[in-house]
Amino acid sequence: MAEAHAFRFLGGAICLDLANTLSERWSGTPIERLERYSDLVAWARQGQLISDRQVRELLREAELRPGEAAKVLAGARELRELVYRIFEAMAGGRPPTRTDLEALNGWLPRALAHLQLARSDEGFAWSWREGEGGRPALDCMIWPAVRSAAELLAATATPGQVRVCQADDCAWIFLDTSRNHSRRWCEMSNCGNRAKARRFYRRQQKGER
Ligand SMILES: [Zn+2]
């Protein structure tokens, strides 16, 4: 198997990290990071949504049920686009459309039906039921993303908390937790520095310093 892509988790919420699995989305040649079901599993593992054991079980199960796995992948991409539309609207100070809100509400029962309480060291904690009848649920990594989107929308009281990266070719979306809401780039060391380099280059061309 080809080595998995190293996903970035800069969104500040797992739903936004899912939204960012399509890179350079407005460039005309967006980069799809979820090409196969195994990419979705790799993303979920790197995002610490599932364990190594679950990775093995899910990949094995996907081989037995390839049609189902393809459907889950298509669903994950659909959710990704929904999340992007909702929070890009919020980033622009607009509420999501009624259709998109309904679509998110449509995901909720499918995801939250798997939520349960389990004993933890400190008492009780939310966790996810992994599957039915000993078979792993192929879409188990989608549930926390749905929950994250719902919780983020419920918590995003003020526009401006979610932002779209200002680098022209990036379009990643992230939660701006900086104190004065001044974060402009998904990642300073990447998009921020490229933008600065471009500005510097332009100034030099104009003979300024
Ligand atoms: Zn960026």
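Read-outs: derived from the displayed coordinates by stated rules, not from any lab. Keep in mind the model is a prediction, meaning the values are calculated, not measured. Here Cβ is always computed from backbone atoms with ideal geometry, including for glycine, and neighbour counts include all displayed protein chains.
The HN-Hα couplings worked out from phi for the stretch 129-142 by the Karplus form 6.51 cos²θ - 1.76 cosθ + 1.60 (θ = phi - 60°) are 5, 7, x, 10, x, x, 9, x, 7, 5, 9, 4, 7, 7 Hz, whole numbers, x standing for Gly and Pro.
Rounded to the nearest 500, the helix-only mean residue ellipticity at 222 nm of the chain stands at -15000 deg cm²/dmol, with each DSSP H run of n ≥ 4 adding -39,500 (n - 2.57).
Among rounded, prolate and oblate, which fits the stretch 134-199 when a ≥ b ≥ c are the square roots of the eigenvalues of its C-alpha gyration tensor, a/c under 1.5 means rounded, and a/b larger than b/c means prolate? Provide the component values of the computation, followed by the final result.
Details: a/c = 3.72, a/b = 1.74, b/c = 2.13.
The shape class here is oblate.
Applying a 4.7 Å Cβ-Cβ cutoff to the chain leaves C15, C140, C191 as cysteine residues with no disulfide-compatible partner. Here the Gaussian network model covers the chain, with springs between Cα atoms less than 10 Å apart; of D168, D139, D17, D168 fluctuates the most. Taking the C-alpha atoms only, the angle from helix 52-64 to the longest principal axis of the chain is near 70 degrees. For the stretch 183-191, 3J(HN,Hα) computed residue by residue from phi via the Karplus equation (6.51, -1.76, 1.60; θ = phi - 60°) reads 6, 9, 10, 4, 8, 4, 5, 10, 5 Hz, glycine and proline entered as x.
Computed from Cα positions, the angle between helix 37-46 and the longest principal axis of the chain comes to roughly 80 degrees.
Springs between Cα atoms under 10 Å define the GNM used for the chain, and in it the highest mean-square fluctuation of N180, N105, N193 occurs at N180. Name the most mobile residue of Q161, Q116, Q46, meaning the one with the largest mean-square fluctuation, in a Gaussian network model of the chain with Cα contacts below 10 Å. Comparing Q161, Q116, Q46 in the GNM, the peak value goes to Q116. Scanning residues 5 or more positions from V162 or on other chains, those with amide H under 5 Å from its amide H are D176, with H placed 1.01 Å from N in the peptide plane.
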